[in-house]
Amino acid sequence: MKRFRKLRKDGQTRDKYANVTLNSNDFIYPYFVVEGYNKRQPIQSLHNVYRFSIDELIRDIEEVISLGVNKILLFGVIDETLKDEFGTAAYISSNLVSRAIKTIKQKFPAILVFTDVCLCGYTSHGHCGLIKNQEIDNDSTLLFLAQMSLTHAEAGADFVAPSAMMDGQVESIRKTLNNSGFQSTKILSYSAKYASGFYGPFRDAAQSKPSFGDRRSYQMDYRTTDQAIDEIAADLEEGADWVMVKPAHTYLDIICRAKSHFKDTSLVAYQVSGEYMMIKAASDAGFMEEYLAMSEALTAIKRAGADYIISYYAKKYLNHFQNKNLLS
Ligand code: PBG
């Protein structure tokens, strides 16, 4: 008989044998930013997550920094009346996200700022690209994504993170950044982004729901596997610095494949809004113990091979486990 139970006999022993652990450096914390002052709007579909005006955002960032978080991801959320078919508000000079970056960098120069680069929150039709002949047009969208990235880079973003799933978007962004003197601004590409039912709560938070159709003509089909590797390889060739698999919890196999294929590339996984709310809502209803489920899901993402995790749970996780014996 082989004795395994001695490895699990008490908390201290379990901690000693645990070879997958999470810490504050592993997290990228997502933020929704809105215009105005003094705003901290609850999001109906995403419990315990808020849309912040820039002044309130600064206050919250102070809190996450105290928990050890050193990376944040910004999404701009604008008024419906400011949206048009080209998503102009995304890349005009002094746009909402650029102003947020400037203020954050002034206050907290050491925090790494990532920005989501996509048109869906800014277009009147809610699609991630421009529309031509009733279709989402790939090539005419590229320059707009590049322009949006440039405004973020100028404001001081460390990473721009294109999530529109347009072919060639990384190349177009890289070229524009280089030509404008931003060779050192990095790109985190949402390379393997699947068309997912788990984005539902986010679209309410970011007010970015498509007004017709869905995103299946540009985001990946969840019945595909090797295509994720091809997407990542293409992005790396185009100049991506870090790459992403998204969603995370329902795509652990893809994370695992991606990590074993691209061992030296920093791999990010996004525990998306629906994956967060699955745990949150079930726990709030009393069906699960939130800390256990949250910790298990996040650890699984790391165990599968993610180097960094974007999660709405980052703050809660770190709050709960800080100064505590992590795994016992
Ligand atoms: C923008 C974008 C989306 C998410 C991140 N960036 C929504 C979408 O593709 O519809 C989803 C994040 C989440 O669900 O938490 N394209």
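Just so you know, all these numbers are worked out from the coordinates, no wet-lab data involved. What you see is a predicted model, and the numbers here were worked out from it, not measured in a lab. Neighbour counts run over all protein chains shown; Cβ positions are idealised from the backbone, glycine included.
Here are the numbers for the structure shown:
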| read-out | value |
| --- | --- |
| Sites GLN322 and ASP264, calculated FRET efficiency, Cβ-Cβ separation with R0 35 Å, nearest 0.05 | 0.70 |
| Under 14 Å, Cβ to Cβ, from THR141 - net charge with Lys/Arg +1 and Asp/Glu -1 | -4 |
| Cα-based helix-to-principal-axis angle, 96-107 vs the chain, degrees rounded to 10 | 50 degrees |
| Cα-centred dipole magnitude for segment 20-242, charges only on beta-carbon of K, R (+1) and D, E (-1), debye, nearest 20 | 600 debye |
| Cβ-based exposure ranking for MET278, MET220, MET148, in which fewest neighbours within 10 Å come first | MET278, MET220, MET148 |
| Segment 255-312 - percent relative contact order, Cα under 8 Å, separation 6 or more | 55 percent |
| Local net charge near SER24, Cβ-Cβ under 12 Å (Lys/Arg +1, Asp/Glu -1) | +1 |
| Most fluctuating residue given options PHE287, PHE202, PHE182, as computed from a GNM of the chain linking Cα atoms under 10 Å | PHE287 |
| The chain, relative contact order [Cα under 8 Å, separation at least 6], % | 18 percent |
| Selection from VAL113, LEU130, SER180 lying farthest towards where the dipole of the chain points positive, charges on Cβ | VAL113 |
| Within straight-line cross-link reach of LYS315, aspartates and glutamates at Cα separation under 15 Å, skipping those fewer than 8 residues along the same chain | ASP26, ASP60, GLU62, GLU63, GLU290 |
| Segment ASP10-LYS107, length gained on full extension (0.36 nm per residue, minus Cα span) | 30.5 nm |
| Counted charge near CYS120, where neighbours are those whose Cβ lies closer than 11 Å (Asp, Glu -1; Lys, Arg +1) | +3 |
| 29 Å Cα-Cα threshold exceeded, pairs from LYS6/LYS280; LYS107/LYS259; LYS71/LYS175 | LYS6/LYS280; LYS107/LYS259 |
| Degrees between helix 252-261 axis and first principal axis of the chain (Cα, 0 to 90, nearest 10) | 80 degrees |
| Computed [θ] at 222 nm, deg cm²/dmol, the chain (DSSP H ≥ 4; -39,500 (n - 2.57); rounded to nearest 500) | -11500 deg cm²/dmol |
| Value of Rg to Rh for the chain (Rh from inverse mean 1/r over Cα pairs, i.e. Kirkwood) | 0.97 |
| Cα-based reach from LYS132 at 21 Å (exclusive), listing lysines while leaving out same-chain residues under 8 positions away | LYS83, LYS209 |
